[in-house]
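Everything on this sheet refers to the single structure shown next.
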Amino acid sequence: MVLSKRYYKLSANSILESVIALTIISVCLYFAVLIFASVYTPKTSAKFYGTQNKVNELFYLSELESDSISGENENLLIEEETVNDNLKKISVEYKDSTHFKFEESFYVQNP
């Protein structure tokens with residue numbers, strides 16, 4: 001009986017230290033999850049950058065050879081809008097296979 005009392009005797013300080021340690025660990029894990037979630041958003045994925053590069057490529061192709069991409073893709077929409085006499089706005093909207101819509105606007109000076 002004396003032997004079992006020695007093994008089950010816990011002081012209040014060790015329980016309090018354990019609670020404080022678990023609280024600190026929980027707060028650290030919370031901040032780690034917040035940082036992880038803010039870094040891995042759809043705007044930072046490789047797919048986003050791939051679609052952005054595709055839109056930029058289509059814009060430059062439309063500037064070089066405007067007739068070659070006009071009927072190429074039903075997921076592509078190119079709109080031109082005149083802002084003033086010397087400036088026009090070209091909006092390129094592209095939907096990929098997962099229907100992720102990416103829109104980019106370019107401002108070009110009229111020749």
Handout entry: Virtual spin-label span in nm between ILE15 and PHE31, 7 Å along Cα→Cβ
Key = 2.9
Exercise for the section: Could you work out the local net charge near SER97, counting Lys and Arg as +1, Asp and Glu as -1, over the other residues with Cβ closer than 13 Å to its Cβ? Expected result: +2
Practice task
Can you spot the aspartates and glutamates whose alpha carbon is less than 20 Å from LYS89's alpha carbon? Ignore those fewer than 8 places along the same chain.
Solution key: GLU57, GLU63, GLU65, ASP67, GLU79, GLU80, GLU81, GLU103, GLU104
Practice task
Please sort by residue number the chymotrypsin sites (Phe, Trp or Tyr not before Pro) in the stretch 18-53 whose DSSP state is loop and whose Cβ has at most 11 other Cβ atoms within 10 Å.
Solution key: TYR40
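No lab work stands behind these numbers, since they all come straight from the coordinates. Just so it is clear, the structure is predicted and the values come from calculations on it, not from any experiment. Heads up, the Cβs are rebuilt from the backbone with ideal geometry, glycines too, and the neighbour counts pull from every protein chain shown.
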